[in-house]
Each structure stands twice: as structure tokens, then as C-alpha cells.
Amino acid sequence: MRKSAITPQQCRAARALLGLSQEQLCEMSGVSRAPLANFEAANSRPYSSTIDSIKTALEAAGVVFIESNGQGPGVRLREPGE
């Protein structure tokens with residue numbers, strides 16, 4: 001089963017929660033800077049494998065992605081030990 005995609009806004013918010021630069025996220029995810037920058041600016045939609053790599057890296061760093069539940073999608077930090 002394919003992971004659900006994240007939005008550019010969720011990606012930017014997740015990076016902000018973790019205090020990561022785009023360069024740091026690129027290193028963590030193995031994604032080049034141009035696709036990440038274009039995705040976050042909503043200029044283009046990268047391959048799903050690229051989005052999956054970004055999402056996996058952010059989740060490993062402690063972010064939980066919240067799917068739209070009538071209030072819109074969001075992000076939060078995982079509780080320690082969660």
C-alpha cells in the first residue's frame with residue numbers, strides 16, 4: 001500500500017518544527033535541492049518516490065503527518081517514546 005502524499009505546506013511546516021534547512025533535509029532524504037525547493041514552493045510535483053523519501057526522512061526525525069480530517073492536513077512532533 002502506497003503512503004499518502006504530503007503537501008508542500010506540510011513539508012515546510014515539518015522542516016520548521018524540526019529546525020531543518022532545505023539542505024539538511026536533502027541530506028537526510030537523499031533528494032536533490034531543486035526538486036525539494038520546487039515542491040515546497042508548489043512550482044512542481046516531484047515523482048511520488050521523491051515525496052516518499054522526503055516524508056520518510058521527516059517521520060524518522062520525529063514528525064507525524066496528520067491527514068485532512070475536515071480541518072485540513074497538518075503536522076506535529078511525535079511524543080518522545082511514541
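Some notes on this structure:
- Each helix, a run of at least 4 DSSP H residues, gives -39500 (n - 2.57); summed and divided by the residues of the chain, these come to -14500 deg cm²/dmol at 222 nm.
- Stretchable slack from Leu77 to Ala34, in nm (0.36 nm times residue separation minus alpha-carbon distance): 12.9 nm
- Cα-based convex hull, the chain, per residue volume (Å³, whole number): 104
- Only the Cβ atoms of Lys and Arg (+1) and of Asp and Glu (-1) were treated as charged; on that basis the dipole of the chain about its Cα centre amounts to roughly 180 debye.
- Rounded accessible area per residue of the chain, 1.4 Å, Å²: 60
- Residue-count net charge about Val75 - beta-carbon cut-off 12 Å; Lys, Arg +1, Asp, Glu -1: +3
- Ordered by 1.4 Å accessible area with all protein chains kept, Glu67, Glu59, Glu27 run largest first as Glu27, Glu67, Glu59.
- Approximate spin-label separation Ala16-Ser44, in nm, with each point projected 7 Å along Cα-to-Cβ: 2.5
- Accessible surface of the chain [probe 1.4 Å, protein heavy atoms]: carbon and sulfur percent: 50
The values are calculated or read from the model by the stated rules, or taken from the named source; none is laboratory data. In this text, all values refer to a predicted model and were calculated from it rather than measured experimentally. Reconstructed Cβ throughout: ideal geometry from the backbone, glycine too, with neighbour counts over all protein chains shown. Just so you know, the surface numbers come from the protein's heavy atoms only, side chains and all, with ligands and any DNA or RNA stripped out. Shrake-Rupley method; radii C 1.70, N 1.55, O 1.52, S 1.80 Å.
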